[in-house]
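Taking it in order: structure first as structure tokens, then the write-up.
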Amino acid sequence: MIKNVTIKVYGLVQGVNFRYHSRLEAENLGLSGYVQNEPNGSVTIIVEGEESKLKKFIEKVKVGLSYAQVKNIICKWDNPKDLKGFLVRF
């Protein structure tokens, strides 16, 4: 079943290629969406795809991608929005 999840990632997640590695991981899993830095130092990821693949993606994010040090994540599940591709927003 296709789902959508908004992931808020807190910790040392800016300036360590976190967005780039998030995009690579999402593309490897066949997920769509985007990732962007937030003014408070966190990162937001909006991603959708098969629920099982989203759960794998979330586990990767929890561990931290690249040199990131993830302290906390918050996930909010939602209905799919028919996103296409995966973008790194600036």
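The numbers here are math on the coordinates, done by the rules we state, and not lab data. All values reported here derive from a predicted model rather than from experimental measurement. Glycine gets a Cβ as well: all are built from the backbone with ideal geometry, and neighbour counts include every protein chain shown.
How far apart, in nm, are the 7 Å Cα→Cβ label points at Ile58 and Ile74?
With each label placed 7 Å out from Cα toward Cβ, I get 1.5 nm.
How high is the FRET efficiency from Phe90 to Met1, r the C-beta distance, R0 25 Å, rounded to 0.05?
0.20
Can you tell me the 0 to 90 degree angle between the C-alpha axis of helix 18-28 and the longest principal axis of the chain, rounded to 10?
Here the helix axis deviates by roughly 30 degrees.
Which whole-number percent is the relative contact order of region 8-90 (Cα, under 8 Å, 6+ apart)?
45 percent
Per residue, how much space in cubic angstrom lies within the convex hull of the C-alpha atoms of the chain?
80 Å³
Taking the alpha-carbon distance from Lys56 and a cut-off under 17 Å, which lysines remain once sequence neighbours fewer than 8 residues away in the same chain are dropped?
Cα-Cα hits under 17 Å: Lys3, Lys8, Lys76.
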